[in-house]
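Notes follow the structure.
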Amino acid sequence: MTHDHDLVLRPTPAQITAALNPPPGRNGGDLVVETLAGLGATTVFGLPGQHALGMFDALRRSSLRYVGLRVENNAGFAADAYGRITGEAAPLLLSTGPGALTSLAALQEAAAASAPVLAIGSQIPVAGLGGARKGYLHELPDQAASFRGVVKSVHTVRSQSQIPSAIAAAWKSALTAPHGPVWVEIPQDVLLAETSLPVVTAPDATPDDLPPRPELTALAAHLLSHAERPAILAGGGVVRSDASGKLRLLAERLNAPVATTFGGKGAFPWNHPLSLQSWLEDRHTTDFLEDADVLLVVGSGLGELSSNYHTFAPRGRVIQIEADLGKLESNHPAVGIHADARLALQALLETVEDRPDTTARERVRELLAKVAARIDAQDRTLERNVLSAVRQALPSDSPSFWDMTILAYWAWSAFDAQGPNLMHSAQGAGGLGYGFPAALGAAAADPTRPVLAVSGDGGALYSIAELATARQYDLPVTWLIIDDGGYGILREYMTDAFGKPTATELHRPDYVALAESFGVTGVHTTPETLREDLARALTTPGPSVVVLPAVLRMFAPTHLG
């Protein structure tokens, strides 16, 4: 008997000839770039370093496009955004020790947001591995240990023949739900040594499917079909799995109101009659979700931000669809379905019954009116006008990338992304400096539409060097910098907690002059002229900077009392 897995494709005579006569002048780095090209990669990000030069030398003999940033962490953010926009595993090439370690904050964000990043770093020569302490430059006793608690998987290479299989396994890991960053490391001498191995062609690295268990989706469908007040909370897993269309069909069939988490922005149409939007830091929304007798949570772990800082306490049954097994029922008991959001929603669509409900849309209108009244009662006209100006200036199909800054915190709740996979922020890991380098990665993925980055002045200083990258590659990114002279949200937190802030105030450089020194157009704007200035910058080819001096404030929280 012959089984499918016993079948092996026989090489053609041409393939045999090519394998027996590989082109001269190749090294281990060529095996890296050949494997990446064979897997379907087209663009790589990174920063060269002494131990990684074998990979970078091989790039010039390949068809891969290289986008080099000025700091490894920023290169990681760019790769993260490229992965989010394309759904591909974005290669990130790094050097040993300091170069590798500088990327860790970016890889943590990619892990939190389920962004597929294929980080490939060099290592010290083989003779120094295993803690031999030879005293090589960049030497660490166990470099991979620094990555194990951050990435999905770690893959080590010790010889050239291991390179294609290790990279293919990492690629598969990065793209198997839940998506995420992975780490591959290859010693310097393995990368530099001449190779006689055949050219790598097309490694098999098809991601594994993660289907739901049918008895669980049958139970979930029954509960939802017979619920009196069903509701849905959609997270980033819906966006990552490209399941927003299935989510809408299911919500309409069930007449179930839908709220989206901050990571799930755009997963459900903002102005749909069943849309609760994403006011998760609002007690009215929290109460509404708690009141559901059956709550379907899709692609969210119900973490701190998605649960109004863990004040959410559901009173009904919870059904949780989550691809990350560690997040399943980690915060609340549930009918836990370990599955890719797209496959699980499809299974529910095939099983669930139509559920008439004449009250759902009215309850949504009432909820949104309560939220609006709460915000209207606060003196936040400036903040709302600034956010509105950004929305009006940004084309509806343009992606935006938001740093950890007060305007971004407003946007999490109040900004209409106008589609899935269009609004992204660093709210997963919460590190500074994400917005601008991530926008550069998105522009590299699709240079046909302008991209917006939004930062505070504190976050902007993390990535100001990437103005050189934007100019070098002529990437269509407009960078809005809200300059309030410090770490604005920390200033608020410390003032509220201690009466006065400490260590929050920053020297204010002239960001327009800085931009112009890099050859990037810059302009100072005001709240009154922001929409016009931002729209002009977004429609002008190439990079630009728009600086808005303003002190913004948050809306009042609802989780403290």
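The values are calculated or read from the model by the stated rules, or taken from the named source; none is laboratory data. Keep in mind that this is a model prediction, so the values were computed, not measured. Positions of Cβ are backbone-derived with ideal geometry, glycine not excepted, and every protein chain shown enters the neighbour counts. Just so you know, the surface numbers come from the protein's heavy atoms only, side chains and all, with ligands and any DNA or RNA stripped out. Shrake-Rupley method; radii C 1.70, N 1.55, O 1.52, S 1.80 Å.
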Of the residues in segment 195-242, those that are aliphatic (A, V, I, L, M) and closer than 24 Å to Phe288 by Cα come to Leu219, Ala220, Ala221, Leu223, Leu224, Ala227, Ala231, Ile232, Leu233, Ala234, Val238, Val239
Do any residues in segment 469-493 that are over 14 Å from Phe518 (Cβ atoms) have Cβ atoms under 8 Å from those of residues that are part of a strand (DSSP E or B) and among the acidic types (Asp, Glu), where the two are at least six apart or on different chains, and which pairs are they?
Gly485/Glu505; Gly486/Glu505; Arg491/Glu505
Suppose we keep only residues that are in a strand (DSSP E or B) and open to solvent by less than 30 Å² (accessible area, probe 1.4 Å) within segment 178-200. Which one would you say is farthest from Leu107 (Cα to Cα)?
Pro187
Quick one: how many residues across segment 257-297 are assigned to a helix (DSSP H, G or I) and touching a residue at least 24 places away in the same chain (Cβ under 8 Å)?
8
Only one of (1) under 30 Å from Pro23 (Cα atoms); (2) open to solvent by 60 Å² or more (accessible area, probe 1.4 Å); (3) in contact with a helix residue (DSSP H, G or I) (Cβ under 6 Å, 6 or more places away or on another chain) is not met by Pro203, so which one is it?
(2)
Do we have any residue at all in segment 218-239 that's of a type in the set (S, T, N, Q), under 22 Å from Ala177 (Cα atoms), more than 16 Å from the chain's Cα centre (by Cα) and open to solvent by less than 40 Å² (accessible area, probe 1.4 Å)?
no
Selection within segment 452-462 - farther than 23 Å from Thr539 by Cα and open to solvent by less than 10 Å² (accessible area, probe 1.4 Å)
Asp457, Gly458, Gly459
Given (1) more than 26 Å from the chain's Cα centre (by Cα); (2) closer than 20 Å to Ala52 by Cβ; (3) open to solvent by 10 Å² or more (accessible area, probe 1.4 Å); (4) without any contact (Cβ under 8 Å) to a residue 60 or more places away in the chain, number of the condition Gly128 does not satisfy
(3)
Taking only pairs six or more apart or across chains, which ones have beta-carbon atoms under 7 Å, a first residue in segment 45-74 that is without any contact (Cβ under 8 Å) to a residue 40 or more places away in the chain, and a second residue that is open to solvent by 20 Å² or more (accessible area, probe 1.4 Å) and of a type in the set (Phe, Trp, Tyr)?
Leu59/Tyr66
Take segment 202-256 and flag every residue that is touching a Leu at 6+ places or on another chain (Cβ under 6 Å) and in a strand (DSSP E or B).
Pro230, Ala231, Ile232, Ala234
If you go through segment 350-364 one residue at a time, do you hit one that is loosely packed, with under 15 Cβ neighbours inside 10 Å, more than 18 Å from Ser275 (Cβ to Cβ) and touching a strand residue (DSSP E or B) at 6+ places or on another chain (Cβ under 6 Å)?
no
Checking Gly431 against (1) open to solvent by 10 Å² or more (accessible area, probe 1.4 Å); (2) more than 28 Å from Leu289 (Cα to Cα); (3) modelled with pLDDT of 95 or more, which single condition isn't satisfied?
(3)
Exactly one condition in (1) over 20 Å from Arg84 (Cα atoms); (2) within 23 Å of the chain's Cα centre (by Cα); (3) open to solvent by less than 60 Å² (accessible area, probe 1.4 Å) is not met by Gly149; state its number.
(3)
Considering each residue of segment 524-539, count those that are open to solvent by 70 Å² or more (accessible area, probe 1.4 Å) and either within 21 Å of Leu514 (Cβ to Cβ) or of a type in the set (Val, Ile, Thr) (or both), and give that number.
3
If I filter segment 482-495 for residues that are of a type in the set (A, V, I, L, M, F, W, C), closer than 30 Å to Thr311 by Cα and surrounded by fewer than 18 Cβ atoms within 10 Å (Cβ to Cβ), do I get at least one hit?
yes
List the helices (runs of 4 or more DSSP H) inside segment 307-399, counting only whole elements, that have at least 3 residues being free of Cβ contacts under 8 Å to residues at least 24 places away in the same chain and among the aliphatic types (A, V, I, L, M).
360-376
So which residues in segment 506-515 are surrounded by fewer than 13 Cβ atoms within 10 Å (Cβ to Cβ) and modelled with pLDDT of 95 or more?
Ala513
Would you confirm whether or not segment 249-264 contains a residue that is among the basic types (Lys, Arg) and within 17 Å of Pro178 (Cβ to Cβ)?
no
Scan the helices (runs of 4 or more DSSP H) fully inside segment 51-164 and keep the ones with 1 or more residues being among the charged types (D, E, K, R) and closer than 22 Å to Val33 by Cα.
53-59, 72-86
Kindly evaluate Gly38 against the criterion of being at negative phi, in contact with a strand residue (DSSP E or B) (Cβ under 6 Å, 6 or more places away or on another chain) and either surrounded by 24 or more Cβ atoms within 10 Å (Cβ to Cβ) or outside any loop (DSSP other than H, G, I, E, B) (or both).
no
Filtered residues of segment 51-83 (kept if among the aromatic types (Phe, Trp, Tyr) and surrounded by 20 or more Cβ atoms within 10 Å (Cβ to Cβ)):
Phe56, Phe77, Tyr82
